[in-house]
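Notes follow the structure.
The values are calculated or read from the model by the stated rules, or taken from the named source; none is laboratory data. Please read these numbers as outputs of a predicted model, since none were measured by experiment. Quick reminder, even Gly has a Cβ in these numbers, built from the backbone with ideal geometry, and neighbours come from all protein chains shown.
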Amino acid sequence: MRVLASAQPVADNAGLLRPWLGRTTVAEKNGWLSDTRTTASIVYRGGRATIVVVELYRPGVTYAEAKRLGQRVLLASGLS
């Protein structure tokens with residue numbers, strides 16, 4: 001978990017959630033192909049750990065679109 005939480009959030013490896021979570025500790029694994037963006041994460045906030053998985057598939061999907069979905073998931077879950 002420590003290795004996943006210490007990953008450098010740069011470029012596409014910033015994932016779909018971390019851009020919206022500020023300094024919150026996040027252990028995550030990101031994956032992307034030309035048509036799929038995925039983030040599986042454990043978000044540590046408020047003294048608890050919450051598992052959040054976001055995956056978007058669509059031919060031609062962009063990273064910006066997938067990040068917006070990640071933001072909406074965080075808002076719906078009360079983590080943002």
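I'd like to verify a number: residues in segment 28-52 that are within 11 Å of the chain's Cα centre (by Cα), surrounded by 14 or more Cβ atoms within 10 Å (Cβ to Cβ) and more than 13 Å from ASN13 (Cβ to Cβ), how many? The total comes to 4.
The rows are residues; the columns are (1) at pLDDT 90 or above; (2) of a type in the set (Asp, Glu).
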{"residue": "MET1", "(1), (2)": "no, no"}
{"residue": "LEU4", "(1), (2)": "no, no"}
{"residue": "LEU16", "(1), (2)": "yes, no"}
{"residue": "THR25", "(1), (2)": "yes, no"}
{"residue": "GLU28", "(1), (2)": "yes, yes"}
{"residue": "TRP32", "(1), (2)": "yes, no"}
{"residue": "ARG37", "(1), (2)": "yes, no"}
{"residue": "GLN71", "(1), (2)": "yes, no"}
